[in-house]
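Structure first, then comments.
The values are calculated or read from the model by the stated rules, or taken from the named source; none is laboratory data. This one's a predicted model, so the numbers in the text were calculated from it and none came from an experiment. Don't worry about glycine lacking a Cβ; one is built from the backbone with ideal geometry, like all the others, and counts go over all protein chains shown.
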Amino acid sequence: MARVLYLGGLGRSGTTLVERLLGELPGVVALGEVVHLWQRDILDDERCGCGARFSACTFWQRVGERAFGGWGNVDVARIHALRDAVERTRHIPRLAATGASADVREYATYYAKVYAAAAEVAGAEVVVDSSKHSALAHVLRFADNVDLRVVHVVRDARGVAYSWTKTVARPETDGAEEMTRYSPARSALLWNAHNAAFGLLARRGVRVRRIQYEEFLADPRTALIRLADFAGLTLTTDALAFLRPEHADLKVGHSAAGNPMRFTVGRLPLRRDDDWVRALPSGQRRLVGTVCAPMLRAYGYPLNPPVSQEA
């Protein structure tokens, strides 16, 4: 049975950072956002975190061979049809309220096969999937042969909103495409919906551990030790040697998809991105704070954080 640590939350909350650090632990293989593997990797042949095209990455080709007898045997059109039928935010109430349909189980099986094959190829005890999607997490609770453990990553909604307004090129396309952007109003609504969905998942018996981006970066060593324990890993004394006081030393990874940080090798600074305190316009700041107020309060965030003197 594959032991899967699923990183969930709204994008721009720090999941890729958490994934990269978890991927350095012995016994862990980090796969990036597996939800995008079917389109971006199998069909579009985008670059793996190691820098090679998916079709040229030895790791992923071995995974495909073990999981499906080769990626050419995967019916991506069928997976996309199943995704549209079961893996959408609007389907979460049904997924939470009823048992799994045949489509849900079939869709979950594709992921279970990837997880098991990746664990075998890497010789890992734990597979990390940073897909983030709350609906996929609800689907995966019905997957056979998957020991699902969810890490719910939360970041201040105002920081998330500001991050979604930034223009960021996608390295996989050599700068020809940009990452998705959302207005602050849109990201605030999504922040509420996705975070609430992970709370619902916990009430359905799935093991969920919530962490805050800000607290994680305040003490990443302690945070990783706690996450390793949640994943059922026993760390040796030198398992965290890659962590330094203000940075981490990263090896090459095989992230299938995700933000540009997945390509980082070597020194990764460990510092909070709090640019929003200075740069998010006051009107947008108040809007996001108002829309997200109940959950911000529930997560312990101040409703009226200090404004930078540079604002």
So V104, is it out of contact with any Gly (no Cβ under 7 Å at 6 or more places or on another chain), closer than 21 Å to G199 by Cβ, of a type in the set (V, I, T) and assigned to a helix (DSSP H, G or I): yes
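Looking at the stretch 152-166, is at least one residue exposed (fewer than 15 other Cβ atoms within 10 Å of the Cβ), among the small types (G, A, S) and either modelled with pLDDT of 95 or more or in a loop (DSSP other than H, G, I, E, B) (or both)?
Applying the first criterion (exposed (fewer than 15 other Cβ atoms within 10 Å of the Cβ)) to the stretch 152-166 yields 166.
Adding the requirement that they be among the small types (G, A, S) leaves none.
Within the stretch 152-166 (the criterion being exposed (fewer than 15 other Cβ atoms within 10 Å of the Cβ), among the small types (G, A, S) and either modelled with pLDDT of 95 or more or in a loop (DSSP other than H, G, I, E, B) (or both)), the answer is no, since none of the residues qualifies.
Please tell me if N195 is of a type in the set (S, T, N, Q) and at pLDDT below 95. Let's see the steps before the verdict.
Values: of a type in the set (S, T, N, Q): yes; at pLDDT below 95: no.
For N195, the condition - of a type in the set (S, T, N, Q) and at pLDDT below 95 - is not met.
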From the options V307, V277, residue that is more than 21 Å from the chain's Cα centre (by Cα), surrounded by 15 or more Cβ atoms within 10 Å (Cβ to Cβ), β-branched (V, I, T) and modelled with pLDDT under 95: V277
Residue list for the stretch 181-219, filter: within 20 Å of L280 (Cβ to Cβ) and among the acidic types (D, E): E214
Sole exception among (1) surrounded by 16 or more Cβ atoms within 10 Å (Cβ to Cβ); (2) touching a helix residue (DSSP H, G or I) at 6+ places or on another chain (Cβ under 6 Å); (3) farther than 28 Å from A161 by Cα for L235, by number: (1)
Members of the stretch 188-222 found to be touching a residue at least 60 places away in the same chain (Cβ under 8 Å), within 23 Å of A241 (Cβ to Cβ) and in a helix (DSSP H, G or I), listed by number: F216, L217, P220
Any pair with Cβ under 7 angstrom, 6 or more apart, that starts in the stretch 276-298 at a residue that is in contact (Cβ under 8 Å) with a residue 60 or more places away in the chain and ends at one that is among the charged types (D, E, K, R): W276/R158; L280/R158; R285/R158; V288/R158; G289/R158
